[in-house]
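Peer 1: Shown below is the structure under consideration.
The values are calculated or read from the model by the stated rules, or taken from the named source; none is laboratory data. Just so we're clear, the structure is a prediction, and the values are computed from it rather than from any experiment. Cβ atoms come from the backbone with ideal geometry, glycine included; neighbour counts cover every protein chain shown. For the accessible areas, the whole protein counts, side chains as well, though only heavy atoms, and no ligand, DNA or RNA atoms are used. Shrake-Rupley method; radii C 1.70, N 1.55, O 1.52, S 1.80 Å.
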Amino acid sequence: MKPAPQKLPRTFAVKSFGCQMNMYDGDRMAELMLAQGLTPADTADADLIVLNTCHIREKATEKVYSDIGRLRKDARKKHGGDPMIAIAGCVAQAEGAEIVTRANVDIVVGPQAYHNLPELVAKAARGESALDTGMPVETKFGALPSRRRVPPCAFLTVQEGCDKFCTYCVVPYTRGAEVSRGWQQIVDEAKALVDAGARELTLLGQNVNAWSDGPRGLHHLIAELDKISGLARIRYTTSHPNDMTQGLIDAHRDIEKLMPFLHLPVQSGSDRILKAMNRSHSRDSYLRLLERVVAARPDIALSGDFIVGFPGETEADFRDTLSLIDEVGYAQAFSFKYSPRPGTPAAGMDDQIAPEEMDERLQRLQAALNRDQAAFNARTLGRRCSVLIERKGKLPGQMLGKSPWLQSVHLLTDAAIGDLVAVDIARADPNSLSGVQRIPELVS
Ligand code: 5AD
Ligand code: SF4
């Protein structure tokens, strides 16, 4: 059904779900709306609501439909009107026009087309169909407005999409093929972000370490960003083991601004499951790779992603994952129950694992990961390190920041948000640290 004509919205709200890249996209959509003269509002008050959706796990699509219903109900209750609703992100890409038919939303916009949002809003206001799920990545980035003020830790998307086709994953279908943004565009955006207040940049990409521009790889880009004065820290996420070049490993030894942290998902410790997942690395090649990383940067904090209950996973396969965890000693990690994604090869595989089995394995896996995280935190006790202050803490005078190893650190300090302070770690809890500032040492 074609939506009835509406007035152009004057206020907006963007709600993002899922990965950091979605958070980045959500911020950019908000900036687009600000540049159009719209003002931000709560979802219950906004004339335009953008739901920036995630499709990677769980019943994402159903959740979006129930969210739409709830948001409409809230708005009607509050001001008696219907907001204009835009569905963005990976569910928009996967479902397309189906969402308009089923939920009568005004706008559907895919992750590579959201630079067209202003035009789509105008179309929807005229009562025209407003659907764009095209995939020209470069056009999108070229068309986005520059940022005004940003927090000290900012995200910068440098690469999108994935060609790896892990058999459980929907990303290659929703985000499309691997595309790298151009060198100059990234360097310009990085400088603009630092001018706007960023002190730490996290380079984002579904396969960020596959980034390239001609002969130049991610480590060349990091070396270039290292030259930006005012920028204190560089991180990147998420990486694939097969794209972890020696150049990038060496950068962890050679570039001081590159933080000692590596998120390198392995998913499983069983070669049989890795093969069925089409991961194209083995348990052993992954472990050998980490040995080289640790040789380059001995204090590096390692992080990963795990899936339990992939079709056909036996107790023995699962134990291989537990033993890999024991061998690596992760500083932190994310773990998920396998979720069949429509259209992916694994969704049609025999021997799907029972939900109770998955729950039980996830609990055991998380117990091992929590144990290792607590041990990693305990090893930082007594160390001196820099902390980048990100926000106020709950107690008077308390601030919260991050260590180089991405741990949250609480401290009492006069330092302001965006300051880097030298801290002695005085207490290590399983999920965070507390520190004492070395007065008056501010790190430049
Ligand atoms: N089921 C469960 N976890 C998944 N991931 C990706 N697809 C699925 C799925 N179908 C996890 C992987 C990936 C992270 C971003 O999400 O661990 O690394
Ligand atoms: Fe998905 Fe695998 Fe690509 Fe990661 S590497 S985005 S898990 S297909």
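Peer 1: Calculate the radius of gyration of the Cα atoms of region 335-381 to one decimal place, then report Dmax, the largest Cα-Cα distance, as a whole number, both in Å.
Peer 2: In Å, with Rg to one decimal and Dmax whole: 15.5, 48.
Peer 1: Here's something else I'd like to know. For LYS7, give me every one of the lysines with a C-alpha distance below 29 angstrom, ignoring sequence neighbours fewer than eight places off in its own chain.
Peer 2: LYS15, LYS63, LYS73, LYS77, LYS78, LYS123, LYS140
Peer 1: Per residue, how much accessible surface does region 139-380 expose to a 1.4 Å probe? Answer in Å², no decimals. Working shown, then result.
Peer 2: Working: 9490 Å² over 242 residues.
So region 139-380 comes to 39 Å² accessible per residue, rounded to a whole number.
Peer 1: Pick from ARG76, ARG279, ARG175 the residue whose mean-square fluctuation is largest in a GNM of the chain, springs joining Cα atoms under 10 Å.
Peer 2: ARG76
Peer 1: Need the list of lysines near LYS275 for cross-linking: C-alpha distance under 24 angstrom, and skip anything on the same chain fewer than eight residues off.
Peer 2: LYS164, LYS337
Peer 1: ³J(HN,Hα) across region 257-268 via Karplus (A = 6.51, B = -1.76, C = 1.60, θ = phi - 60°), whole Hz, x for Gly/Pro?
Peer 2: 6, 6, 6, x, 8, 9, 9, 10, x, 10, 6, 7
Peer 1: If you don't mind, there's one more thing I want to ask. Under the Kirkwood approximation applied to all pairs of distinct alpha-carbon atoms, what is the hydrodynamic radius of region 96-253 in Å? Please report the intermediate quantities before stating the final value.
Peer 2: Details: mean 1/r = 0.0580 Å⁻¹.
Radius from the Kirkwood sum: 17.2 Å.
Peer 1: Keeping every protein chain in place, order LYS164, LYS227 by accessible area at 1.4 Å, biggest value first, i.e. largest first.
Peer 2: LYS227, LYS164
Peer 1: If one puts a single equal scatterer on every Cα of region 31-145 and applies the Debye formula without solvent, what log₁₀ I(q)/I(0) results at q = 0.09, 0.12 Å⁻¹?
Peer 2: With one equal scatterer per Cα and no solvent, log10 I(q)/I(0) is -0.22, -0.40.
Peer 1: Using a 4.7 Å cut-off between beta carbons, which cysteines in the chain end up with no partner cysteine at all?
Peer 2: CYS19, CYS54, CYS90, CYS153, CYS162, CYS385
Peer 1: Quick one: which residues, 5 or more positions from THR157 or on another chain, have an amide H under 5 Å from its amide H? H modelled 1.01 Å from N in the peptide plane, none for Pro or chain starts.
Peer 2: LEU204
Peer 1: Anyone know which of ALA354, ALA86, ALA368 comes out most mobile in the 10 Å Cα GNM of the chain?
Peer 2: Ranking ALA354, ALA86, ALA368 by mean-square fluctuation puts ALA354 first.
Peer 1: Now for a different question. ARG319: accessible area at probe 1.4 Å, nearest 10 Å²?
Peer 2: Accessible area, nearest 10 Å²: 140 Å².
Peer 1: Enumerate the residues in region 386-417 having an amide nitrogen under 20 Å from the point lying 7 Å beyond the Cα of ILE439 toward its Cβ.
Peer 2: 386-389, 393, 395-401, 410-417
Peer 1: Provide the gained length on full extension for the span SER229 to GLU119, in nm with one decimal, where the gain is 0.36 nm per separating residue minus the Cα-Cα distance.
Peer 2: Working: separation 110, 0.36 × 110 = 39.60 nm, distance 3.74 nm.
Additional length available on full extension: 35.9 nm.
Peer 1: Let me ask something else. Expressed as a whole percentage, what fraction of the accessible surface of region 139-380 belongs to carbon and sulfur atoms when a 1.4 Å probe is rolled over the protein heavy atoms? It would help to have the intermediate numbers written out before the result.
Peer 2: On the way: 4930 of 9490 Å².
Ligands and nucleic acids excluded, carbon and sulfur reach 52 percent.
Peer 1: To continue, here is another question. Pop a pseudo-label 7 angstrom from the Cα along the beta-carbon direction at both LEU381 and GLN246 and give the gap in nm to one decimal.
Peer 2: Going from the LEU381 label point to the GLN246 one covers 4.0 nm.
Peer 1: Hey, another quick one. Give the span of the chain's Cα atoms along each principal axis, as three whole-Å numbers ordered largest to smallest.
Peer 2: Principal extents (largest minus smallest coordinate, Cα): 63, 59, 47 Å.
Peer 1: Separate question: Considering only protein heavy atoms, what per residue accessible area in square angstrom results for region 388-427 with a 1.4 angstrom probe?
Peer 2: Working: 1920 Å² over 40 residues.
Averaged over the residues of region 388-427, the accessible area is 48 Å².
Peer 1: Let me ask something else. What residues qualify as long-range amide H neighbours of ASP213, i.e. H under 5 Å apart, gap of 5 or more or another chain, H built at 1.01 Å from N?
Peer 2: Those lying under 5 Å, H to H, from ASP213: there are none.
Peer 1: LEU412: accessible area at probe 1.4 Å, nearest 10 Å²?
Peer 2: Counting only protein heavy atoms, LEU412 exposes about 120 Å² to solvent.
Peer 1: Then there's this: As a test, work out the antiparallel percent of DSSP beta bridges whose residues both lie in the chain, rounded to the nearest 5. Please list the in-between numbers first.
Peer 2: On the way: 24 of 67 bridges.
If I count the DSSP bridges inside the chain, around 35 percent turn out antiparallel.
Peer 1: Ok, one more. If you add up the charges near HIS55, with Lys and Arg at +1 and Asp and Glu at -1, over every other residue whose beta carbon is less than 11 angstrom from its beta carbon, what do you get?
Peer 2: On the way: positive: ARG57, LYS59, LYS63, ARG175, ARG341; negative: GLU58, GLU95.
Once positives and negatives cancel, what remains is +3.
Peer 1: Moving on. If you plug each phi of region 339-348 into the Karplus form 6.51 cos²θ - 1.76 cosθ + 1.60 with θ = phi - 60°, what whole-Hz ³J(HN,Hα) values come out, in order, with x for Gly and Pro?
Peer 2: With coefficients 6.51, -1.76 and 1.60, one gets 10, x, 9, x, x, 8, x, 5, 4, x Hz.
Peer 1: Solvent-accessible area per residue for region 11-136 at a 1.4 Å probe radius, Å²?
Peer 2: Values: 5020 Å² over 126 residues.
Ligands and nucleic acids excluded, the figure is 40 Å² per residue.
Peer 1: Could you check what % of the DSSP bridge pairs in region 139-380 are antiparallel, to the nearest 5? Kindly include the intermediate steps, with their values, before the conclusion.
Peer 2: Numbers: 4 of 25 bridges.
Here the share of antiparallel DSSP bridges comes out near 15 percent.
Peer 1: Follow-up. How large are Rg and Dmax for region 181-225 when only the alpha carbon atoms are used, in Å?
Peer 2: Considering region 181-225 through its Cα atoms, Rg and Dmax are 10.6, 31 Å.
Peer 1: Sticking with this structure for a sec: Across region 430-435, in residue order, what do the Karplus-derived ³J(HN,Hα) couplings come to in whole Hz, using 6.51 cos²θ - 1.76 cosθ + 1.60 with θ = phi - 60° and x for Gly and Pro?
Peer 2: The phi angles translate into x, 10, 7, 10, 10, x Hz.
Peer 1: What does region 196-255 give for Rg and for Dmax, in Å, if only its C-alpha atoms count?
Peer 2: So, for region 196-255, Rg and Dmax equal 11.4, 35 Å respectively.
Peer 1: How far is it, in nm, from the label point at ASN370 to the one at ALA192 when both lie 7 Å from their Cα along the line to the Cβ?
Peer 2: According to this spin-label approximation, the distance is 4.4 nm.
Peer 1: Another question, then. Starting from 0.36 nm per residue, how many nanometres of slack lie between MET23 and LEU395 once their C-alpha separation is accounted for?
Peer 2: Numbers: separation 372, 0.36 × 372 = 133.92 nm, distance 2.78 nm.
Result for the pair: 131.1 nm of gain on full extension.
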